[in-house]
1. Show the residue pairs meeting these rules: Cβ distance below 8 Å; 6+ apart or different chains; first residue within segment 29-45 and over 22 Å from residue 85 (Cβ atoms) and more than 10 Å from the ligand (Cβ to nearest atom); second residue part of a loop (DSSP other than H, G, I, E, B) and not charged (D, E, K, R).
2. Considering only segment 192-302, give the helices (runs of 4 or more DSSP H) lying wholly within it that have at least 3 residues that are open to solvent by less than 30 Å² (accessible area, probe 1.4 Å).
3. Could you tell me whether residue 86 is of a type outside the set (A, V, I, L, M) and away from the ligand (no atom under 16 Å from the Cβ)?
4. How many of the residues making up segment 151-169 are open to solvent by 30 Å² or more (accessible area, probe 1.4 Å), more than 11 Å from residue 141 (Cα to Cα) and part of a helix (DSSP H, G or I)?
5. When you scan segment 80-87, do you find a residue that is in a helix (DSSP H, G or I), open to solvent by less than 10 Å² (accessible area, probe 1.4 Å), within 21 Å of residue 292 (Cα to Cα) and among the aliphatic types (A, V, I, L, M), even just one?
6. Within segment 175-224, which residues are of a type outside the set (Asp, Glu) and at positive phi?
7. Restricting to segment 100-111, and then to whatever is open to solvent by 20 Å² or more (accessible area, probe 1.4 Å) and of a type outside the set (Gly, Ala, Ser), can you tell me which residue is farthest from residue 298 (Cα to Cα)?
8. Of the residues that make up segment 91-99, is at least one open to solvent by 30 Å² or more (accessible area, probe 1.4 Å), assigned to a helix (DSSP H, G or I) and of a type outside the set (Val, Ile, Thr)?
Amino acid sequence: MTDGSPAGHEPVLAREALALLHPAEGESVLDATLGLGGHGLLFLREIGSSGRLVGLDADAENLSVARERLQDGASRCTFIHANFREIERLDLPAFDVIFADLGVSSPHFDDPKRGFTFRADAPLDLRFDQSKGTSAASWFASATEEEICNVLREYGELREAKRLASALYAEQRRGGGLGSTGAVRTVVEKVSGYRANELLPRVFQALRIAVNDEMGALRAFLDTAPALLRGSGRIGIISYHSLEDRMVKNAFRDLATPPRDPRTGADLHAPEYELLTRKPVVPAPEEIERNPRSRSARFRVLRRVSPRH
Ligand SMILES: C[S@@+](CC[C@H](N)C(=O)[O-])C[C@H]1O[C@@H](n2cnc3c(N)ncnc32)[C@H](O)[C@@H]1O
């Protein structure tokens, strides 16, 4: 096996993920966002010949790249093409380690056919799973101006959301539609002039989060995944957006807080989980220099401490 970092792909916060999640010989790991198998390969090495890795990805193409990369350990792996929002329905066993590295992978940007990049003209898709759901082009066709504005403001953190939404909505209604990445790019350029290159990544990020319902998927994952931990199992999530990080932070904090008697306010029993990260772990400056895409990463980890009540 290689060190898990083929050219152009270094797993984000790899050292920190191994140190905090501490996958040990013989343990079982669920990598809920297998991607290109970068972290998966490192986990597989730590859990050795008696460990098991279940790898999930919503993107069938990424999953087959990962399958190829992990083929030396194939007998210890299970690959599942699924959205992690569905884990409750997948009838999975309990795990020692659960991991998710949210968001996009490099091939999403590098392959213009996927419609994730505004740098090439292509159909406006942006779905992780092209076998289901609605492409960004179809989303635009039925979105109201207000919905577009909310998505740009919340998920793109764009101060210009209102002006952009108004122009995008008008373009959609004009008949030409917003079927391609180029059409969106042209509208953003018209509205924001020389600032277009600064705004375009955030416009596309916002569309991607909306089209894949990334917040809804994360909510469902946070509601179900911790219960899949066994013994003193650990769950760790790397997020790249402040809204996602807030969701992870709040969910982990709630799980690590003792439940209270609503009448007396007294603690009912010790919490089932403890936080292993009081503050989010962020990449070291050297990692950001080597891999600029890691710069917004925030990693939080929770450990199960007591049997269920
Ligand atoms: C940042 S990449 C993961 C990279 C991976 N850790 C590695 O080292 O190769 C995120 C991956 O998660 C997948 N993904 C995003 N949202 C998902 C979801 N809700 N369910 C399953 N996979 C998802 C994407 O398709 C992408 O392959």
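The values are calculated or read from the model by the stated rules, or taken from the named source; none is laboratory data. These numbers were taken from a predicted model, which means no experiment stands behind them. Quick reminder, even Gly has a Cβ in these numbers, built from the backbone with ideal geometry, and neighbours come from all protein chains shown. We work out accessible area using only protein heavy atoms, side chains counted, and drop any ligands, DNA or RNA first. Shrake-Rupley method; radii C 1.70, N 1.55, O 1.52, S 1.80 Å.
1. Sorted first by the residue in segment 29-45, then by its partner, the pairs are 44/1; 44/51; 44/70; 45/1; 45/4.
2. 196-211, 214-224, 242-255
3. Answer is no for this residue.
4. Total satisfying the criteria: 6.
5. Looking through segment 80-87, none of the residues is in a helix (DSSP H, G or I), open to solvent by less than 10 Å² (accessible area, probe 1.4 Å), within 21 Å of residue 292 (Cα to Cα) and among the aliphatic types (A, V, I, L, M).
6. Residues satisfying the conditions are 175, 177, 193.
7. Filtering segment 100-111 for residues that are open to solvent by 20 Å² or more (accessible area, probe 1.4 Å) and of a type outside the set (Gly, Ala, Ser), the one farthest from residue 298 (Cα to Cα) comes out as 111.
8. No, there is no match, as no residue in segment 91-99 is open to solvent by 30 Å² or more (accessible area, probe 1.4 Å), assigned to a helix (DSSP H, G or I) and of a type outside the set (Val, Ile, Thr).
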